[in-house]
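What follows is a short report on a single structure.
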Amino acid sequence: MAKREPLERPVAVGQVLEDLLTPGDWYALRMRQEVRKVWEQAVPAALRAQTRLVDLKRRELWVEVSASPWVQELQFLKPKILAALDKALGPGVIREVRFRLGAGTP
C-alpha cells in the first residue's frame, strides 16, 4: 500500500467549507438558521413539534405538518409568523408561508 504524503499543517474546518461552498451557499445557510430561530419563537412548542421546515425558495417558506388540524391552526398563526419573519429578516424577504401534509416532525 502506498504511503500518503503528510499534510504541512492541519486545515481548519472553516477553511474546508469555504473551499467547498460558494458565497450564495453561505447566504442560504445563514438565512435558514435565522428562519429556524424565528420559527421557534413565533410558533408554540406543542404546535412546533408537529411541523418540519422543508424548504425556502422564491421567498416562500414551505412547512410540512403532521395532520390537517395542525395546518388549520397554523393558518390562524400565519400573520403572526410572517410579522415575526419580517421583523427579524427584513420586509419582504419571506412573503408567504405554505403548509403541506407530511411527516411533520424532523
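Every number here is computed from the coordinates shown, using simple stated rules; none is lab data. Keep in mind the model is a prediction, meaning the values are calculated, not measured. FYI the Cβ positions are ideal-geometry reconstructions off the backbone, even for glycines, and counts take in every protein chain you see.
Check the straight Cα-Cα distances from residue 37 and name the lysines below 19 Å, setting aside those fewer than 8 residues away within the same chain.
Reachable lysines: 57, 78, 80, 87.
So which trypsin sites (Lys or Arg not before Pro) in region 1-34 are both in a DSSP loop and have at most 10 other Cβ atoms within 10 Å of their Cβ?
Sparse-neighbourhood loop trypsin sites (Lys or Arg not before Pro): 3, 4.
With everything on Cα atoms, drop me the angle between helix 68-89 and the longest principal axis of the chain, reported from 0 to 90° to the nearest 10.
Tilt of helix 68-89: around 60 degrees.
Would you indicate which of (i) 15.9; (ii) 14.1; (iii) 17.2 is the value of Kirkwood radius over Cα pairs in Å derived from the coordinates of this structure?
Entry (i).
Among 94, 62, 76, pick out the residue whose Cα is farthest towards the positive end of the charge dipole of region 35-106, where Lys and Arg carry +1 and Asp and Glu carry -1 on C-beta, about the Cα centre.
So the residue furthest toward the plus end is 94.
Go through region 1-71 and name the GluC sites (Glu not before Pro) that are in a DSSP coil and have 15 or fewer other Cβ atoms within 10 Å of their Cβ.
Qualifying residues, ordered by number: 8.
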